[in-house]
Amino acid sequence: MKGFVSGLPKVELHLHIEGTLEPELMFALAQKNGIALPYDSVEAVRAAYEFDDLQSFLDLYYQGAQVLRTEQDFYDLTYAYLLRCKEEHVIHTEIFFDPQTHTDTGIAFDTVISGIHRALSDGEAKLGISSQLIMCFLRHLSEDAAIETLQQALLHKDKIIAVGLDSSEQGHPPEKFQRVFEMARDAGFLTVAHAGEEGPPENIINAIELLKVSRIDHGVRCTDDSHLVEQLAATNMPLTVCPLSNTKLKVFSDMSEHNIVELLDKGVQVTINSDDPAYFGGYMNANFMAIATTFDLPKQRLAQFTRNAIDASFIDEVAKAKLH
Ligand code: ES4
Ligand code: ZN
């Protein structure tokens, strides 16, 4: 099974680039940039990665991201992830970045996007990995802050395919961002949103109806509403599911409790993704293996996750047909 999963071509649709910051690079960048970390060693960082819920993770994730200061830092972070993609047969990836995490501490938007974009160009040229970039608004911050971020993104429209919504779902529902998402769509961006990760099914419904998303990120709590599950299946609304993230953040108490196979059986267009692999203990192959072994899935059904991801991707239709 390991050989099959490893060799299976994979498409990743839910990956936060700041969540690929491995402790080794975190330490190296902290030292280079003269930033103090509250850990003595790489091992101590890894030992701190025990989470109770989404917020307990986000606190460490935002802290870790502060070691990223220069264009080269963003390049190195992104290129390291792409090398991992190459190793794991990820042929296409759609990457989230959180500009506000950096601009709020004085790093220029241009610095962030230039470093990431230069790495993606090199990844395409040298590694043959295609990619797209999705800019996320931090939902715990204000609508005005999101609008300001959108304005900065307009100068880089050629590098960004879609906008998304991440961070703390509780208390920050999709409707808070209805206007900025409308502005983004008017400017030509596609939209996605994290919804139904910790929050209720209504957040999924509102992301679809009010934010007009092309995909739901996570969405696993849709099973609290059987009518919604039927609707997701009937409308081919993709869910970018992240198995190891969900167990690490206690969305499910154990992988055996995960509902991805139930959703697959019900005809929902579910995909497997790694979310924040440096924090959650594994990249794409580890996420596929967790589901394959827990549910004893045959190869054909595992390959369906890749077919779903190709269909759900923002690759143009001609290139999609070639991948199938
Ligand atoms: C995230 Cl797992 C998850 N959920 C919401 N926002 C996030 N940002 C980075 N990882
Ligand atoms: Zn996520």
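The values are calculated or read from the model by the stated rules, or taken from the named source; none is laboratory data. Small disclaimer: the values here were computed from a predicted structure and weren't measured. Every residue, glycine as well, gets a Cβ built from its backbone with ideal geometry; the counts of neighbours run over all protein chains shown.
Quick check, is Ala28 free of Cβ contacts under 8 Å to residues at least 24 places away in the same chain, outside any helix (DSSP H, G or I) and more than 18 Å from Gln100 (Cβ to Cβ)?
no
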(request) State all residues of region 1-24 that are out of contact with any Lys or Arg (no Cβ under 8 Å at 6 or more places or on another chain), surrounded by 19 or more Cβ atoms within 10 Å (Cβ to Cβ) and part of a helix (DSSP H, G or I); if no residue qualifies, say none. (result) Val5, Ile17, Glu18, Gly19
(message) Against the definition (surrounded by fewer than 23 Cβ atoms within 10 Å (Cβ to Cβ), among the charged types (D, E, K, R) and part of a helix (DSSP H, G or I)), how does Lys250 come out, yes or no?
(response) no
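Take Ala309 and decide whether it is within 16 Å of ligand 2 (Cβ to nearest atom), within 20 Å of the chain's Cα centre (by Cα) and either of a type in the set (Ser, Thr, Tyr) or modelled with pLDDT of 95 or more (or both). Break it down into steps so the answer makes sense when it comes.
On the way: within 16 Å of ligand 2 (Cβ to nearest atom): yes; within 20 Å of the chain's Cα centre (by Cα): yes; either of a type in the set (Ser, Thr, Tyr) or modelled with pLDDT of 95 or more (or both): yes.
For Ala309, the condition - within 16 Å of ligand 2 (Cβ to nearest atom), within 20 Å of the chain's Cα centre (by Cα) and either of a type in the set (Ser, Thr, Tyr) or modelled with pLDDT of 95 or more (or both) - is met.
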(request) Quickly run through region 216-233 and pick out the residues that are more than 16 Å from ligand 2 (Cβ to nearest atom), under 19 Å from Pro173 (Cβ atoms) and acidic (Asp, Glu). (result) Asp224, Asp225
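One line per residue, one yes/no per condition, for (1) at pLDDT 95 or above; (2) under 19 Å from the mean Cα position of the chain (by Cα); (3) under 26 Å from Ile315 (Cβ atoms):
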| residue | (1), (2), (3) |
| --- | --- |
| Arg139 | yes, yes, no |
| Ala146 | yes, yes, no |
| Gln151 | yes, no, no |
| Leu165 | yes, yes, yes |
| Glu169 | yes, yes, no |
| Glu198 | yes, yes, no |
| Ile208 | yes, yes, yes |
| Arg215 | yes, yes, yes |
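Looking only at region 76-130, filter to residues that are among the hydrophobic types (A, V, I, L, M, F, W, C) and free of Cβ contacts under 8 Å to residues at least 24 places away in the same chain; which one of those is nearest to ligand 2 (Cβ to nearest atom)?
Looking only at region 76-130, we keep the residues that are among the hydrophobic types (A, V, I, L, M, F, W, C), and these are 77, 80, 82-83, 85, 90-91, 95-97, 107-109, 112-113, 116, 119-120, 125, 127, 129.
Subsequent filtering for residues that are free of Cβ contacts under 8 Å to residues at least 24 places away in the same chain retains 108, 125.
Details: Ala108: 24, Ala125: 28 Å.
Selected residue: Ala108.
Taking the conditions exactly as written (farther than 30 Å from Lys320 by Cβ and buried (at least 17 other Cβ atoms within 10 Å of the Cβ)), does Gln66 satisfy them or not?
Working: farther than 30 Å from Lys320 by Cβ: yes; buried (at least 17 other Cβ atoms within 10 Å of the Cβ): yes.
Taking the combined requirement at face value, the residue satisfies it.
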(request) Scan region 112-132 for residues that are in contact with an Asp or Glu (Cβ under 8 Å, 6 or more places away or on another chain) and surrounded by fewer than 20 Cβ atoms within 10 Å (Cβ to Cβ) and report the count. (result) 4
(request) Tally the residues that are in a loop (DSSP other than H, G, I, E, B), within 16 Å of ligand 1 (Cβ to nearest atom) and free of Cβ contacts under 8 Å to residues at least 60 places away in the same chain, restricting the search to region 181-199. (result) 2
(request) Tally the residues that are of a type in the set (Ser, Thr, Tyr) and in contact (Cβ under 8 Å) with a residue 24 or more places away in the chain, restricting the search to region 37-51. (result) 1
